[in-house]
Every structure is written in C-alpha cells, then in structure tokens.
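Reading through the structure tokens given below for one structure.
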Amino acid sequence: MLRALSSIAEQAVSEPLHEGLGMLMRIFHRGNELRTARLADPRFAAVDVDALVRDDLRSLTPIGDGAEDLTPVPHGDTVGIAAVDDHGVAVSLIQSVYHAFGSGLIDPQTGILFHDRGAGFSLNPASANVIAARKRPAHTLMPVMCTQNGELRYVLATMGGQGQPQILTEILLRALSGMNAADAVSAPRAIVGRQAHNSTRDSVFIESDTTSDARSSLERAGLPTVEVPRHTEDLGQANVVFATAGGRLTAASDPRSDGAAIVAHFARNRRTV
C-alpha cells in the first residue's frame with residue numbers, strides 16, 4: 001500500500017487527484033481489509049510490516065470479499081491540533097475518548113472521563129484483535145509530520161475515525177500538487193469504509209461538490225458511492241500547518257468543524273549592551 005501511495009504522490013505533482021480518485025479508494029479499501037485482518041498489538045500478534053508493504057495492489061480483492069470491519073463510525077469525541085513555532089519545533093497532537101464520547105464512566109474524585117478504546121477489541125478468538133489482558137486495542141489516532149531533505153514541510157492532525165489515513169493522504173496529495181493549506185483542507189473529500197451511519201466497509205462517501213471527473217474515476221473503479229452534503233463533519237475535520245523551504249508558515253482549519261487557524265507574529269525582546 002505504501003508503494004502505491006508513493007507512486008500516486010509522484011504523479012500528483014503533475015496530475016489532479018480527482019483523475020486517480022478511484023484507484024486511491026481501491027487502495028484504501030484493500031488497506032482497510034489488511035488492517036482489519038492483520039493489524040494488532042505486536043506484543044500479542046505477529047505483525048509482518050514488510051508483508052503489509054509488499055501487498056500486491058494490482059490484484060485487489062473484489063468489492064464485497066474479505067473480513068468484516070467492525071470499526072465504530074466516528075463521533076464528536078476527538079480533538080486534533082497542529083502547531084509550529086518560529087524555531088521549527090512542531091507538534092501534531094490528537095486526543096480522543098472515542099466511540100459514543102468515551103465509556104460513560106467518570107472518576108468521582110477528578111472528574112476525568114474514561115475513554116472507550118476497548119471498543120477496538122474483538123470477542124472473536126480468530127481475530128488478531130481478540131481481547132486479552134494488558135493488550136492494547138487497535139485504534140484510529142494518526143498524528144502526522146512530513147519532512148523533505150531533513151526540513152519540516154507539513155504538520156497535520158485530523159479527526160475522522162477509520163478515515164484518518166485517507167483524509168491525510170488526500171490533503172498531502174493536494175499539497176504536493178501545489179494547493180495551499182486552506183484549499184487542500186477544504187477540497188471535496190472521499191472516504192471508503194464504515195465512515196457514517198448505515199454504511200458498510202465497501203461504502204465510498206463523496207461530498208456533493210465532488211467533480212464529474214472524480215465521479216467518473218470512481219465509476220471506472222467499480223466502487224459504489226454514497227453522496228453526502230458538502231463539508232460534512234462525517235468526513236473528518238483536519239487542522240494543518242504548511243512550511244515552505246524558506247520557513248514561511250501557513251495554516252488552515254477544516255470548514256467541516258468549529259476549529260480555527262492562526263499564524264501569529266511576535267516581536268522579540270532585544271537586549272543591547
């Protein structure tokens with residue numbers, strides 16, 4: 001999957017993302033299957049990362065085959081923050097109490113709400129994520145930073161449940177094609193998998209302002225689509241900071257949520273002797 005994404009990223013510099021959207025969704029459909037079937041706490045399950053990377057995406061399984069994805073759909077229980085200072089120190093932070101706004105249990109002394117990450121476990125003994133003592137459940141949190149030649153370029157954080165890797169990839173591909181931060185974040189989005197209510201792992205959600213070229217690409221890929229409103233929060237909410245080679249920073253917050261982006265300039269206090 002990583003090789004295929006790298007190939008698409010190379011083409012993205014000269015080709016619009018919408019022309020390859022169908023293949024991108026097929027890649028993530030396959031990636032979702034691999035995640036469900038094989039990914040688990042490596043202390044308890046053998047996770048062959050090289051085997052996952054080598055997976056042959058030219059022989060994708062047909063839509064409808066494969067393991068069932070029981071990942072809960074996203075809800076308003078996650079915060080993503082991207083920040084960079086003028087020294088190049090960067091932070092991508094995601095905090096989540098997870099499905100249904102946490103476990104519903106509150107510590108009576110501190111008022112801390114306990115998370116519900118145990119929902120990522122399975123009761124199926126054959127599952128890589130079968131519940132076990134001291135085992136970490138599969139989760140969706142994915143803070144991201146990208147560098148080029150050792151220098152910071154992109155800092156991204158997004159909410160969006162199982163769709164987080166897809167959201168981040170689409171934003172980065174648009175950035176590589178030359179889009180600015182605001183346009184890359186607000187552009188029409190597509191996500192495959194259990195991203196909203198009454199969906200299946202094969203559902204491909206597209207926003208209503210998705211271009212005709214992108215729709216045609218999905219149709220050629222044989223993917224069933226579900227149209228949702230433009231800038232719906234169901235397709236995630238991202239916050240990003242882009243840095244140029246000269247160190248200039250720009251930031252954007254997703255119009256799908258109530259976040260904000262700020263680039264602040266502070267005068268340094270100078271001492272003269």
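The values are calculated or read from the model by the stated rules, or taken from the named source; none is laboratory data. The shown structure was predicted, so the numbers you read here are calculated from the model rather than taken from an experiment. Every residue, glycine among them, receives a Cβ derived from its backbone with ideal geometry; neighbour counts consider all protein chains shown.
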note = Selection from the range 197-226 of residues loosely packed, with under 13 Cβ neighbours inside 10 Å and polar (S, T, N, Q) yields ASN198, SER208, SER212
query = Of the numbered conditions (1) among the basic types (Lys, Arg); (2) within 15 Å of the chain's Cα centre (by Cα); (3) surrounded by fewer than 18 Cβ atoms within 10 Å (Cβ to Cβ), ARG248 satisfies every one except a single condition; which is it?
reply = (2)
key: Subset of the range 1-58 (residues that are modelled with pLDDT under 85, in contact with a Leu (Cβ under 9 Å, 6 or more places away or on another chain) and of a type in the set (D, E, K, R))   = ARG3, GLU10, ARG38, ASP55
key: Search result, residues across the range 254-273 that are of a type in the set (Val, Ile, Thr) and either under 27 Å from the mean Cα position of the chain (by Cα) or modelled with pLDDT of 85 or more (or both)   = ILE262, VAL263
query = Which residue pairs have Cβ atoms closer than 8 Å, lie 6 or more positions apart in sequence or on different chains, and pair a first residue in the range 77-102 that is within 19 Å of GLN162 (Cβ to Cβ) and in a strand (DSSP E or B) with a second residue that is at pLDDT below 90 and among the aromatic types (Phe, Trp, Tyr)?
reply = THR78/TYR98
remark   = Exception for GLN109 within (1) assigned to a loop (DSSP other than H, G, I, E, B); (2) modelled with pLDDT of 95 or more; (3) surrounded by 14 or more Cβ atoms within 10 Å (Cβ to Cβ) falls at (3)
key: Single condition ARG201 does not satisfy, out of (1) closer than 20 Å to ARG230 by Cα; (2) at pLDDT below 95   = (1)
remark   = By residue number, the members of the range 146-183 that are of a type outside the set (A, V, I, L, M), in contact (Cβ under 8 Å) with a residue 40 or more places away in the chain and within 30 Å of GLY120 (Cα to Cα) are TYR154, THR158, GLY160, GLY161, GLN162, GLY163, GLN164, PRO165, GLN166, THR169, GLU170
query = So which pairs qualify, if the first residue must be in the range 22-40 and of a type in the set (Phe, Trp, Tyr), the second must be not in a helix (DSSP H, G or I), the Cβ gap must be under 6 Å, and the two must be at least 6 apart or on different chains?
reply = PHE28/VAL192
message = Of everything in the range 141-155, what is part of a loop (DSSP other than H, G, I, E, B) and touching a strand residue (DSSP E or B) at 6+ places or on another chain (Cβ under 8 Å)? Give them in sequence order.
response = LEU141, MET142, PRO143
request  = Output the qualifying pairs, or none if there are none: Cβ atoms under 8 angstrom, residues six or more apart or on different chains, first residue in the range 198-226 and on the phi > 0 side of the Ramachandran plot, second residue of a type in the set (A, V, I, L, M, F, W, C) and surrounded by fewer than 20 Cβ atoms within 10 Å (Cβ to Cβ).
outcome  = GLY222/ILE63
